[in-house]
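*Asks:* Here you go, one structure.
The values are calculated or read from the model by the stated rules, or taken from the named source; none is laboratory data. Just so we're clear, the structure is a prediction, and the values are computed from it rather than from any experiment. In this analysis, Cβ positions are derived from the backbone assuming ideal geometry, glycine residues included, and neighbour counts consider all displayed protein chains. Note: areas computed on protein heavy atoms with side chains; ligands, DNA, RNA excluded. Shrake-Rupley method; radii C 1.70, N 1.55, O 1.52, S 1.80 Å.
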Amino acid sequence: MTKVSILVSGANGQIGSVLTKALREKYGKDAVLATDIRMGNHDDGPFELLDILDAKQLSRLVRKYKINQIYHLAAILSETGEKHPRMAWDINTNGLFNVLEIAKERHMKLFFPSSIGVFGSHTPRVLTPQETIIHPETVYGISKAAGENWCQYYYLHYDVDVRSVRYPGIISYQSPPGGGTTDYAVDIYHKAVQGEDYECFLQEDTMLPMMYMDDAIKATLQLMEAPAEKVKIRTSYNLAAMSFTPAEITAEIQKYYPDFRVTYKPDFRQEIADSWPQTIDDHQATDDWGWHPDYDLKNMTSEMIRNLKAMLVK
Ligand code: NAD
Ligand code: SER
């Protein structure tokens, strides 16, 4: 059997930093090359600077480390994307092309994270189906929807074993989120644990699909390990764990911090959130490769507060 040798792009980000650790625990620290456009803290294994738009450097690293799998996380998220649309399109789309091309040339396995951002206001917002109307209204969503289709194209025409999930908003304590509309659900825990009030940029009744980081990592590894014949969707799988509003997460946090107060000042991210689903139908992921989440709002809140207290409160 060929030895697994992985390159993670965007490894310094919210998901990349945790996923890189998980992959190193599974495959060994030297089997996983962390890369990012900026320096990061990866003392536990190899790290190289890589701008994903630099196809030559990508190719050089793939050869140097004999890479046979790529987890391509580098991207610009929804909030930043709306501020810098051309840059977001360039990095999200041309970065993916560079990865798809090298995956085709070297017969590599590839993970591409898509997002609930592919859906738009014409999509059914409750239990959004796997196959539905996809007319995204953010540059982020447009780039992810195009990315999903390019992934399927490379699978169909060049036999690239590309696998993908549409992550909901990811919530974690380990690393800060990077410019997304769902980031409020991370920031709110930080404020509560530090004894501060929180001003939320979404309305109190805005329901969005979310997922605890442990479940996101579990889903990613499970999909990548599934036998190829079980992976029937080669655009991207719907994936769900929980959905809640700012008012509901606040009420859950107040069970630990009764004096915690949240005020609401919606900004341009409200419009983005209003175009996204409230709940997701992910039965296809369950049927095809056995997906089941472990975390709901209650046990996620308990874990977030326990871990953030240990990190932030001296
Ligand atoms: P993040 O913003 O925290 O991290 C992205 C990383 O990419 C950063 O470390 C950044 O330095 C790096 N990067 C940016 N431009 C680059 C370039 N040109 N070359 C190389 N690296 C570059 O994002 P994240 O939350 O960790 O998301 C990872 C992936 O998962 C993204 O593709 C994102 O779209 C997807 N996703 C995330 C969420 C979420 O809630 N976090 C939800 C759905 C999908
Ligand atoms: N969490 C991401 C964002 O808000 C969704 O992909 O941009």
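*Asks:* Mind listing whichever residues of region 285-299 are open to solvent by less than 50 Å² (accessible area, probe 1.4 Å) and over 17 Å from the mean Cα position of the chain (by Cα)?
*Replies:* Thr286, Asp288, Trp289, Gly290, Leu297
*Asks:* Please specify each residue of region 51-85 satisfying the condition of being more than 30 Å from Ile272 (Cα to Cα) and either in contact with a Phe, Trp or Tyr (Cβ under 8 Å, 6 or more places away or on another chain) or within 13 Å of ligand 1 (Cβ to nearest atom) (or both).
*Replies:* First, pick out the residues of region 51-85 that are more than 30 Å from Ile272 (Cα to Cα): 54-69.
Asp54, Ala55, Gln57, Leu58, Leu61, Gln69 - these are the residues of region 51-85 that are more than 30 Å from Ile272 (Cα to Cα) and either in contact with a Phe, Trp or Tyr (Cβ under 8 Å, 6 or more places away or on another chain) or within 13 Å of ligand 1 (Cβ to nearest atom) (or both).
*Asks:* Kindly list, by first and then second residue, each pair from a residue in region 170-181 that is under 22 Å from Lys309 (Cα atoms) and in a loop (DSSP other than H, G, I, E, B) to a residue that is open to solvent by 50 Å² or more (accessible area, probe 1.4 Å) and near ligand 2 (Cβ under 7 Å from one of its atoms), limited to pairs with Cβ atoms under 6 Å and residues at least 6 apart or on different chains.
*Replies:* Pairs found: Gly178/Leu77.
*Asks:* Oh, and also: Identify, from the list Ser164, Ser175, Ser243, Ser143, the residue that is at pLDDT below 95 and among the hydroxyl-bearing types (Ser, Thr, Tyr). Before the answer, list the steps.
*Replies:* Numbers: Ser164 fails: at pLDDT below 95; Ser243 fails: at pLDDT below 95; Ser143 fails: at pLDDT below 95.
From the options Ser164, Ser175, Ser243, Ser143, the qualifying one is Ser175.
*Asks:* Turning to a different aspect of this structure: Could you check Asp282 against (1) under 24 Å from Asp161 (Cβ atoms); (2) buried (at least 20 other Cβ atoms within 10 Å of the Cβ); (3) in contact with a helix residue (DSSP H, G or I) (Cβ under 9 Å, 6 or more places away or on another chain) and say which number it fails?
*Replies:* Here Asp282 meets the rest and fails (3).
*Asks:* Near ligand 1 (Cβ under 9 Å from one of its atoms), among the charged types (D, E, K, R) and at pLDDT 95 or above: which single residue out of Asp183, Asp159 fits that description?
*Replies:* Working: Asp159 fails: near ligand 1 (Cβ under 9 Å from one of its atoms).
One residue alone meets the criteria, Asp183.
*Asks:* Quickly run through region 99-117 and pick out the residues that are under 17 Å from Leu53 (Cα atoms) and among the β-branched types (Val, Ile, Thr).
*Replies:* Selection gives Val99, Ile102.
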